[in-house]
Structure formats: structure tokens, C-alpha cells
Amino acid sequence: MDALLHKHRQKAPAAFPHQAAFLLNNPIRRAWANPARRVDAIGLIGTEHVLEVGPGPGFYSVQIAKRLTYGRLDLFDLQPEMLDKARRRLERAGFHDVGFTTGEASHGFPYPDHTFDVAFLAAVIGEVPDRSACIRSLRRVLKPGKALVFAETLSDPDRMSVPNLRKLAEPEGFEFVGASGSRWHTVVRFQSSTA
């Protein structure tokens, strides 16, 4: 709980502490947030190469992996402890061909240009210190015309609204596709420009 209180007291964006991951992956939150429904909103067909940024303990990761029949999932997180939790969760569910990379999203992603078909960020962009740098790097690693998807939750203290996500993504070469969900849970889709 000390880690959560520390995050609450910080003025600058900060990652959700790995010590409190049990609060993210609990049955009550799972029933309320329904990760399968959020992942369905991404619109995966099963062949995509997906980058999940800030997966935490894998709240959405198993649902994404289930839909990638012939695709691949890569997870990128600031905290190696969170990636370890996500790895265990995915392996228990039978998914072993997943990439795990630790790093700071503000510093860019260590993947080749045009690697991914989808970048998925659930309740994480508000925690990134340099959001514009993160979005620029996502633009670089996404294939032209592919999807950048945000899932935002009203209860998240770092939540970004649809207008704020547009102000962030559109100047970096993303086109707003639409938003779905409710005021409690919103999925916001963008497409990278083809130029």
C-alpha cells in the first residue's frame, strides 16, 4: 500500500507500482471491466503482430493472445516485475510465444520500423512522462495504415479523454477513427497515416 500512496502523492506521471498488481488482477475488477469486451473492440482478426504497451500483470494480455491464432504478441513495460507477472499469467494460459521487453516508453521502442499491426495501450499513456515522444515512436514501429488503440477507464487517475488523446495523436501522424464504449470504459482507435 505504501507504493500506491507514493504514486498518489506524486505530481508527475508515474507507473502503477508492481507491488499493488493484485489490485489490477482481481475477480471484481475483471467482472466490472470485462477485458474480453475491451479486446474485442480492437477488432483483431488473428494474424496481427500486436504491441501491448504497459500491460501490467497481463490484465488484457491473455485475451489478446487468445485472438492471435497466427499472429504474435509483444509486451513492453517499464517494470520488469510487471512483465514477470504477465509472463506467468500468459504461460498458465498456455501462451509461450510472447515477447517481453523492459523500457521507458518516453525513450522510444527498441523495435525495427514498421514492425506492428496494432499498438494497444490500456490506462497507461497518462503515466508516460513524455507522451509525444512515446506516440512518435509508436508511429515509427507501426506499419503504415495500422491501428493505435487506447483503452481508458473513468476510475483511472491518469485517464486521458478522447479530445486529449486526439490532441496527442493527430499531430504525430495518426487519424482518429472513433471511440466506443461508455463513460466508464472507452476504447479509442486511431490509424497511422500511410504517407
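Which condition breaks for residue 144 when tested against (1) within 15 Å of residue 55 (Cβ to Cβ); (2) touching a Ser or Thr at 6+ places or on another chain (Cβ under 6 Å)?
Among (1) within 15 Å of residue 55 (Cβ to Cβ); (2) touching a Ser or Thr at 6+ places or on another chain (Cβ under 6 Å), residue 144 violates only (1).
Taking region 132-189 as the search range and keeping residues that are in contact with a Lys or Arg (Cβ under 9 Å, 6 or more places away or on another chain) and among the charged types (D, E, K, R), which one is modelled with the highest pLDDT?
Per the stated criteria, the residue is 172.
Hand me the list of helices (runs of 4 or more DSSP H) wholly inside region 27-124 holding 3 or more residues that are open to solvent by less than 70 Å² (accessible area, probe 1.4 Å) and touching a Leu at 6+ places or on another chain (Cβ under 6 Å).
61-67
Kindly provide the set of residues from region 137-189 that are among the charged types (D, E, K, R) and open to solvent by 60 Å² or more (accessible area, probe 1.4 Å), ordered by number.
Within region 137-189, 140, 143, 146, 159, 166, 167, 170, 175, 183, 189 meet the criteria.
Filter region 137-195 down to the residues that are farther than 21 Å from residue 39 by Cα, of a type in the set (S, T, N, Q) and not in a helix (DSSP H, G or I), then identify the one that is farthest from the chain's Cα centre (by Cα).
Result: 194.
The values are calculated or read from the model by the stated rules, or taken from the named source; none is laboratory data. The shown structure was predicted, so the numbers you read here are calculated from the model rather than taken from an experiment. Neighbour counts are summed over all protein chains in view; Cβ atoms, including those assigned to glycine, are modelled from backbone coordinates with ideal geometry. The protein model used for the area step is the full one, side chains on, heavy atoms only, and it has no ligands, DNA or RNA in it. Shrake-Rupley method; radii C 1.70, N 1.55, O 1.52, S 1.80 Å.
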